[in-house]
Every structure is written in C-alpha cells, then in structure tokens.
Amino acid sequence: AGKMNKSPWAYEEPHRSIHRDYLKLKMRLTPYMYRYARAAWDTGAPIVRGLVWNYPDDRRTWDASTQHQFLLGDWLLIAPVYTSMKVNKGWRKEDIYLPAGVWIDYWDGRRLQGPMTIDAYPVTLEKLPVLVRAGAIIPMYPAMLYNNQKPKDPLTFDIYPHGASSFELYEDDGLTRRYEKGECARQLIEVQAPEGRAGDIRITVGKSVGAFEGKLARRVYEFLVHSELKPLAVTVDGRRLPERADPAAVGWSFDPADRRGVVQVRLDPRSTDHAVVVKLDIDERQAIPP
C-alpha cells in the first residue's frame, strides 16, 4: 500500500484553506520564532519546548498529562487536538494545563489565571488552542507567502501589556551564514503597564544595533495593544497621534469588539537608528470590564 499524502495541499476544502491560514500565520510570526532560532544556535535552547523547560518547579509540568502541550518560545502555549472529536467528547479540548501567571486566549482575548486546568476548551476545525502569557510582545512581519517575497515593513508588535516585560528582536539577512561573522542586528522592545488595573501603557522600541546586508534604514512600526479600555490619548515621543478610522493611516483606533479590546497604533516611517516611545494614556479611575 502506498503512503498517505499528508501535504497540506492534498486535502479538500475546508481543510486546505485552514492549512493555508496557519502557514500564513507562521510566516507572519517569523521574527518571533527567528529570535528563538538564534537563541537555539547560541545556547541549544529549543524553540519548541515542553512546559517543564520554563516551569521546572511546577510538578504538574513533569506529568504525562501535559506531554502533548508545548511552548513556542517563552510566550505562546499550544495545546494541539490529537484525538478524534468523537473520542474527545465533542468539540471540546480537555485538560489544558496553564502554569502560574495570567494567560490570554489568542483567539478571543479572555484572560485566565494560572495555575489551572481548562476542562473544556471549545474548538473547531480552524481553532487550535493557543494561549498567550501576559506581558508578551510578539513581532510580526506583513503577510507573505515565502521569506523575502516583499519588504518586511511594516513591523507589527502584538502586545499583551502586564507589568514590565521585554523582547529582543533579532534579524539578519535571512539568506547567508554571515551572522556567524556578526552581521546581524538586535533591537530591544520594552513595555511598562499596570497589572490587573487600569493605567498608562508605555512602549519603548529601542534603536536597532548592528548591521547586515538588506537592513532597513527606515521602517513603519505598528502596534496591536490588547486593552479593554479606550485610551484618552496616544502619544509618540510626547506628541499626540490623531485618532482615525483608516487602519492604514498614521494614527490610532480602538476596537472594543476585537478580542475584548485592541488599540491599533500606526506610525509614520522612521529611522531604525533611533528609539521611539509610544504611550497610551488610560484613565486610572476606569474599571476593567469583567
């Protein structure tokens, strides 16, 4: 008997489109995973890792019940559905374990306090359980079908504010091994925000340090800031940005229906050799919706 063809394009609809959507999402997540690919080369730390890697003091992460979950880097927890839905008691994924901390559902924005076990996570064919650790800063390139299909501009930061957090963006030419000779660039992104209450959110994108062939001298920065409260104002280096309806225009907008609230901020092109500070002014007296 011949082997089953498991290529994504070998499936009929709707499976083919679902495969395509996840492959396109993976392409957008390239700068997030590339940072961990460099860390793997430097230290041996894996990109895909069992929960025990990040939470060795949590005995539950040593348990066989979490063996099919994994972390993608430090900030994304994936819980694949690996059994038939008929066996899995309908369209529910059981026993997803979340270690200590606050976790956000990637698809609908609900917040969950760990440690806890989700007994019935609703799934569909197109919904893979993905949880984001609060504080995450996830860089994303524009949608493309393959690496270097188009300029990696704008650079989008998907941000889940929670206390103080940071992420070091790593880039090189993506084609050669010149990074071994130091041809690469690093850029520190930092976020300061309250924990569990309303208050200002401050995002600092540091200057890009280092050089490689093809490095962008100027770039558009875009931010997707998860906030259930609408800012009173948004400033860039102390100057107010206009509120606007067109997401492609410079300025900001707030959509309370998008994953329980997302502030989208788009800047004009600016030098990657200089830092930029974006601040969301949020009234501390407001109550966060339950």
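Worth pointing out:
- Surface/4 of the Cα convex hull for the stretch 177-290, nm²: 8.5
- The calculated 222 nm mean residue ellipticity attributable to helices in the chain amounts to -3500 deg cm²/dmol, summing -39500 (n - 2.57) over DSSP H runs of n ≥ 4 and dividing by all residues.
- Take the Cα of Arg270, step 7 Å toward its Cβ, do the same at Asp21, and the gap between the two points is 3.4 nm.
- Student exercise, the stretch 193-290 dipole from Lys, Arg, Asp, Glu Cβ charges, in Debye to nearest 20: 180
- Positive-end residue of Tyr141, Ala10, Leu155, charge dipole of the chain with Cβ unit charges: Ala10
- Across the protein chains, with a 1.4 Å probe defining accessible surface, the residues Lys6, Lys26, Lys230 rank Lys6, Lys26, Lys230 from largest area downward.
- The charge dipole of the chain, taken about the Cα centre with unit charges on the Cβ atoms of Lys, Arg (+1) and Asp, Glu (-1), comes to about 540 debye, rounded to the nearest 20.
- Accessible surface area normalised per residue over the chain is 53 Å², counting heavy atoms of protein chains with a 1.4 Å rolling probe.
- Note on Val236: accessible area approximately 10 square angstrom, rounded to 10, probe 1.4 Å, nucleic acids and ligands left out.
- Carbon and sulfur %, accessible surface of the chain computed with the full protein complex present, 1.4 Å: 53
- Among Ile47, Ile118, Ile137, the residue with the largest mean-square fluctuation in a Gaussian network model of the chain, with springs joining Cα atoms closer than 10 Å, is Ile118.
- Under Stokes-Einstein, with the Kirkwood radius over Cα pairs as Rh, the value for the chain at 4 °C and 1.567 mPa s is 63 µm²/s.
- Binning all Cα-Cα separations of the stretch 102-187 at 10 Å, short to long from zero, yields these whole-percent fractions: 13, 32, 31, 19, 5.
- Note on the chain: dipole from Cβ charges, positive end direction compared against Ser165, Val102, Thr124; the farthest Cα belongs to Thr124.
- Furthest towards positive pole of dipole, Tyr22, Tyr34, Gln69, structure part the chain, Cβ charges: Tyr22
- Of Lys181/Lys207; Lys93/Lys230; Lys24/Lys152, pairs whose Cα-Cα distance is over 26 Å: Lys93/Lys230
- Relative contact order (percent, whole number), the chain, Cα cutoff 8 Å, 6+ residue spacing: 14
- Of the beta bridges in the chain, as assigned by DSSP with both residues counted there, near 90 percent are antiparallel.
- Rounded to the nearest 20, the size of the Cβ-charge dipole of the stretch 5-156 about its Cα centre is 340 debye, with Lys and Arg at +1 and Asp and Glu at -1.
- Straight-line reach from Lys127: taking Cα to Cα under 12 Å and skipping same-chain neighbours fewer than 8 places apart, the aspartates and glutamates in range are Asp21, Asp105, Asp108.
The values are calculated or read from the model by the stated rules, or taken from the named source; none is laboratory data. As the structure is a prediction and not an experimental result, all values here were calculated from the model. So basically every Cβ, Gly included, is an ideal-geometry build from the backbone, and we count neighbours across all protein chains shown. These area figures cover heavy atoms from the full protein model, side chains too; ligands, DNA and RNA do not enter into them. Shrake-Rupley method; radii C 1.70, N 1.55, O 1.52, S 1.80 Å.
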